[in-house]
Amino acid sequence: MDIVKILIDAGRAAIGVPAAAYALSSIGLNLQFGYTGLLNFGHVAFMLVGAYGMAITVDLGGSIWLGVPVGILAAVILGLILGFPTLRLRADYLAIVTIAAGEILRLAVRSSWAAPLTKGIFGIQRFADEFFDLNPIPVGLYGIGRFRFDERTVWVLLLGWSLVALATVFLWKLTRSPWGRAMRAIREDEDAALSLGKNVFGYKLQSLMIGGAIGALAGMFLAIDQQNVNPDAYIPLLTFYAFTIVILGGPGTLFGPIVGSVIFWFLFEFLDGVMTALIVEMDIGFLDALDATDVGPIRFALFGAGLMWLMIYRPQGLFGSKEEMLIDAR
Amino acid sequence: MLDKHPTLANVAPEPGVGKPNPILEADGLKRFFGGLHAVDLEHLEVERGTITSLIGPNGAGKTTLFNLLTGFDRPDAGEWHLNGGPLVGIPSFRIARSGMVRTFQLTRSLARLTVMENMMVATKDHVGESFWGALFGRWRHIEAANEKIALASLERFGLDHMKDEYAGSLSGGQRKLLEMARALMVAPDVIMLDEPMAGVNPALTQSLLHHITNLRDDGKTVIFIEHDMDVVQEISDWVVVMAQGKLIAEGPPEHIASNATVIDAYLGRHHGEVP
Ligand SMILES: Nc1ncnc2c1ncn2[C@@H]1O[C@H](COP(=O)(O)OP(=O)(O)OP(=O)(O)O)[C@@H](O)[C@H]1O
Ligand SMILES: [Mg+2]
């Protein structure tokens, strides 16, 4: 087993495109879940409308720079539509409605009646040429030794991590303001917040829309990298990646989503490498029954178990404050 | 005994009686839970600038009445006015903003906010609490000013040494105190306290009573639910008695203490009668 190669691959994944995309997506989810206490189980829906909003705009002849605000607007509208009927009800209603909305949207863009716009199961491709044409980085490989990226990836990563940095500054401004304090008050006890004159419904709606818009940006970023939007990519699993990352990093912390995403994708790739090596290269008796295609499912099982362990022993995440966790909300 | 409020001197001690200068008026307010008439009031007025105690046996409907008046529950019938303005159908947060703030019988501290944050979050009309204001507004000087007010208030409630602790780490009595201090940060005209003394130690109770009288003397109206008759006798200007959802008596504390209907309600209808 080439442990150095496995570590390098894992390290590349830790700062790679999915890591940046999910850091961004999780920043949005963290505002909703970590700061406001909203159970948005359909975060993928926001990523979907962002990506499709942009891709369709370009496909209809618009510029990608018009596509970006279109995608954000689509997410804000989705937040309004999902939030309006549910945010006055108990928290679980939002969870049910959002998880359903994610699936409905995926099936809708996939359907034949939407195909004139969404191109159905084939999806839309090559809508980000405008972005790649701007790449000023000369052709070549950048990095040290085997830890290298080509010029295209560097350009995409530059975009991704810049967006992460911008979103973090934005959230930093927001969450340490009185606005953020009101959000946290709502997370702790809605009735108490109401009794102090806070418009709880309005705040929750804002949180859903803003967090959703950040999720949409993440969806657009992933789509730009792949130059492809396809309905079958937007499965509920994406939402649960984001939740895992938020919980791993610590809900309601500023850098939690970034740290969580880096660790998540490092482990993701690392486990993949180690398990593939163990199963394929090594001659270990009890692993004989397995082959390389089993790696994916086993990895998910391990992640599931890890998430359970976190929820039981470190619900504040790896880096959340211990003190805060000791306070059992009432 | 603390000074009583003069304006109620000539008001007859009868249930539903009119007051010279009421801040709060309720008419035909009803709330049913299935067949149970939790609240069933004909008419109630609360005099401005007084301390009005709301008493009654367990399950009399006192908390439910608070919930109705503050918009936390919807009545099945009836209407009520604050400062002459109708409150039917107004959401609870708007009622709080319009000047009537309540506390809860079961305390609701914002556990993972510090004591100071609990106080600061209660201030109203804060530009920094709107999305655009938070990003681009100038709110730091407002925060600084509010922090001074909050600190002074925490001192009065004996919580200043806890200001940087999470509210979730306070004791039960301390949470009651924090909740009351926090409600006052909203700067309400009417403050409604649901058993604020429950679980607070006697020494502190005295200073709280003093504080409540000060609030009245500053022109605020205090309505509070209390089971301890000594406390009620000591500070109330007026006492309203509920039993089984109905307003059964009201009047100055001396009058209530000797009222046969009230004693009946507390001790059961046929106490002392020879069967
Ligand atoms: N949400 C509810 N659903 C059903 N019944 C309720 C509800 N809330 C209150 N009740 C009933 O209404 C009646 C009045 O309750 P309430 O809490 O107002 O009493 P209270 O006067 O505050 O009593 P205590 O002094 O014990 O706090 C009780 O019989 C109670 O069981
Ligand atoms: Mg009660």
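The values are calculated or read from the model by the stated rules, or taken from the named source; none is laboratory data. What you see is a predicted model; the values in this text were computed from it and never measured. For neighbour counting, all protein chains shown are included, and Cβ atoms are generated from backbone atoms with ideal geometry for every residue, glycine included. Just the protein is used for accessible areas: all its heavy atoms, side chains included, with ligands, DNA and RNA removed. Shrake-Rupley method; radii C 1.70, N 1.55, O 1.52, S 1.80 Å.
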Scope segment B:181-199; condition within 16 Å of ligand 2 (Cβ to nearest atom) and hydrophobic (A, V, I, L, M, F, W, C); matching residues: B:Met192, B:Leu193, B:Met197, B:Ala198
Residue check: is A:Thr57 over 26 Å from A:Asp133 (Cβ atoms), open to solvent by less than 40 Å² (accessible area, probe 1.4 Å), modelled with pLDDT under 95 and of a type in the set (Ser, Thr, Tyr)? no
By residue number, the members of segment A:80-103 that are part of a helix (DSSP H, G or I), touching a residue at least 60 places away in the same chain (Cβ under 8 Å), farther than 12 Å from A:Leu38 by Cβ and of a type outside the set (Asp, Glu) are A:Leu80, A:Phe84, A:Ile99, A:Gly102
Sole miss for A:Leu290 among (1) touching a helix residue (DSSP H, G or I) at 6+ places or on another chain (Cβ under 6 Å); (2) open to solvent by 30 Å² or more (accessible area, probe 1.4 Å); (3) in a helix (DSSP H, G or I) is condition (3)
Search segment A:140-168 for residues being among the aliphatic types (A, V, I, L, M) and open to solvent by 80 Å² or more (accessible area, probe 1.4 Å), and hand back the single one that is farthest from A:Met54 (Cα to Cα). A:Ile144
Expected single match for under 23 Å from A:Leu73 (Cβ atoms), at pLDDT 95 or above and within 14 Å of chain B (Cβ to nearest Cβ) among A:Gly211, A:Gly215 is A:Gly211
When you scan segment B:96-114, do you find a residue that is of a type in the set (Val, Ile, Thr) and part of a helix (DSSP H, G or I), even just one? no
What residue, of A:Ile186, A:Ile137, A:Ile235, A:Ile224, is part of a helix (DSSP H, G or I), more than 13 Å from chain B (Cβ to nearest Cβ) and of a type outside the set (S, T, N, Q)? A:Ile224
On the given criteria, is B:Glu47 in contact with a Ser or Thr (Cβ under 8 Å, 6 or more places away or on another chain), away from ligand 1 (no atom under 16 Å from the Cβ) and modelled with pLDDT of 90 or more? yes
Exactly one condition in (1) of a type outside the set (Asp, Glu); (2) buried (at least 19 other Cβ atoms within 10 Å of the Cβ); (3) more than 20 Å from B:Leu184 (Cα to Cα) is false for A:Ile137; which is it? (2)
Report the residue count in segment B:33-42 for those that are more than 9 Å from ligand 1 (Cβ to nearest atom) and open to solvent by 10 Å² or more (accessible area, probe 1.4 Å). 3
Counting only residues that are free of Cβ contacts under 8 Å to residues at least 12 places away in the same chain and either more than 9 Å from chain A (Cβ to nearest Cβ) or assigned to a loop (DSSP other than H, G, I, E, B) (or both), segment B:126-135 contains a total of 2
Can you go through B:Glu79, B:Glu14, B:Glu45, B:Glu25 and tell me which one is more than 14 Å from the chain's Cα centre (by Cα), more than 16 Å from ligand 2 (Cβ to nearest atom) and open to solvent by less than 40 Å² (accessible area, probe 1.4 Å)? B:Glu45
Answer yes or no: is there a residue in segment B:49-62 that is of a type outside the set (A, V, I, L, M, F, W, C), part of a helix (DSSP H, G or I), closer than 23 Å to B:Lys19 by Cβ and within 16 Å of ligand 2 (Cβ to nearest atom). yes
Count, please, the residues in segment B:84-105 that happen to be open to solvent by 60 Å² or more (accessible area, probe 1.4 Å) and either within 7 Å of chain A (Cβ to nearest Cβ) or in contact with an Asp or Glu (Cβ under 9 Å, 6 or more places away or on another chain) (or both). 4
Let me confirm something: among B:Met242, B:Met229, which residue is within 16 Å of ligand 1 (Cβ to nearest atom), open to solvent by 10 Å² or more (accessible area, probe 1.4 Å) and away from chain A (no Cβ under 14 Å)? B:Met229
Which count do you get for residues in segment A:36-77 that are under 16 Å from A:Leu238 (Cα atoms) and in a loop (DSSP other than H, G, I, E, B)? 4
Residue by residue through segment B:199-212, note down the ones that are out of contact with any Lys or Arg (no Cβ under 7 Å at 6 or more places or on another chain) and either open to solvent by 10 Å² or more (accessible area, probe 1.4 Å) or not in a helix (DSSP H, G or I) (or both). B:Asn201, B:Pro202, B:Ala203, B:Leu204, B:Thr205, B:Gln206, B:Ser207, B:His210
